[in-house]
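The values are calculated or read from the model by the stated rules, or taken from the named source; none is laboratory data. Note that this is a predicted model, so its numbers are computed, not measured. Cβ: placed from backbone, ideal geometry, glycine included. Neighbour counts: every protein chain shown. Only protein heavy atoms, including side chains, enter the accessible area calculation; ligands, DNA and RNA are left aside. Shrake-Rupley method; radii C 1.70, N 1.55, O 1.52, S 1.80 Å.
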Amino acid sequence: PEQAQPVPPHLAPFMAVEAHSMLELEPPRHTRLRALVLRAFTSRRIAAMGPELEAMCHALIDRFPDDVFDLLPAYCNIIPVRIIARLLGVPEDMAPQLLDWSHAMVAMYQPGRSRAVEDAAAQAAGAFSAFLQDYVRERRDHPADDLITQLILAEANGQKLSTDELITTCILLLNAGHEATVHSMGNAVKILLEK
């Protein structure tokens, strides 16, 4: 088998998160993680969010300016990160910080990245992990009706997520769930306007 390259020290915080990402894992570890995460994502939980998500969307629409404006920052960028914050059970006013961390980390997947991009991603990964570590600790002591608590409680075949796996799963939820949703909404509106 091919030997893994040593991780440069400046990338250690980023790679520590990546080491537990379902995107990077093969079965059986990927299968185990996926089964545990799916136990936390119940259709009841998602359906229950419907009315509050609809209210959020209408509130944003009601604030649209009368003049020409950019839909992405006024609407599409806001909805996914707020939903993810609500799912995780973190304060919604953390949304801009969560997005900053996410954008810095996702920049690692763009071609021709620089050392500055790597440093920013490592810093963001460390800060995001530390933030979630505090939330996981809090939820272990005081469970709530949120995804972090559900991930802590999820169990399959006597196995649970480790704290590192839990943190990486929460980061992955934002990093993978935000950008695609933003662009899907923007493209859907564009198509509807062109009909």
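Under the simplified labelling scheme, the L38-T163 pair shows an inter-label distance of 2.9 nm, with each label point 7 Å from Cα along Cα→Cβ. The simple Förster model, with R0 at 22 Å and r as the Cβ-Cβ distance, assigns I46 and L153 a FRET efficiency of 0.80.
Computing Rg and the Kirkwood Rh from the Cα coordinates of the stretch 56-116 gives a ratio, Rg/Rh, of 1.08.
Charge tally around V17: other residues with Cβ under 11 Å, Lys/Arg +1 each, Asp/Glu -1 each, net -4. Accessible surface computed residue by residue for the chain, with neighbouring protein chains in place and a 1.4 Å probe, gives 58 Å² per residue. The portion of the accessible surface of the stretch 76-154 made up by carbon and sulfur, rounded to a whole percent, is 53 (1.4 Å probe; DNA, RNA and ligands excluded).
Computed on the chain, with alpha-carbon pairs under 8 angstrom and 6+ residues apart, the relative contact order is 34 percent. Please report the base-10 log of the normalised intensity I(q)/I(0) for the stretch 1-102, using a Debye sum with one equal scatterer per alpha carbon and no solvent, at each q in 0.12 (1/Å). Normalising to I(0) and taking log10 leaves -0.65. Given 10 °C and 1.306 mPa s, compute D for the stretch 84-148 with the Stokes-Einstein relation, Rh being the Kirkwood radius over Cα pairs; round to the nearest whole µm²/s. Value of D from the Cα-based Kirkwood radius: 123 µm²/s. For the chain, the normalised intensity computed at q = 0.10, 0.12, 0.14, 0.16 Å⁻¹ comes to -0.48, -0.68, -0.91, -1.14 (log10 of I(q)/I(0), Debye sum over alpha carbons, equal scatterers, no solvent). Full extension of the chain between H10 and E179 gives 58.3 nm of extra length, using 0.36 nm per residue less the Cα-Cα distance. Shown for the chain are the DSSP H helices of 27 Å or more along their axis, judged by Cα atoms, with a mean Kyte-Doolittle hydropathy of at least 0.0: 163-194. Per-residue extension of 0.36 nm, minus the Cα-Cα distance of R140 and H58, leaves a gain of 26.1 nm for this segment. Entry note, the chain: the mean residue ellipticity at 222 nm calculated from DSSP H runs of n ≥ 4, each adding -39500 (n - 2.57), is -21000 deg cm²/dmol after division by the residues and rounding to the nearest 500.
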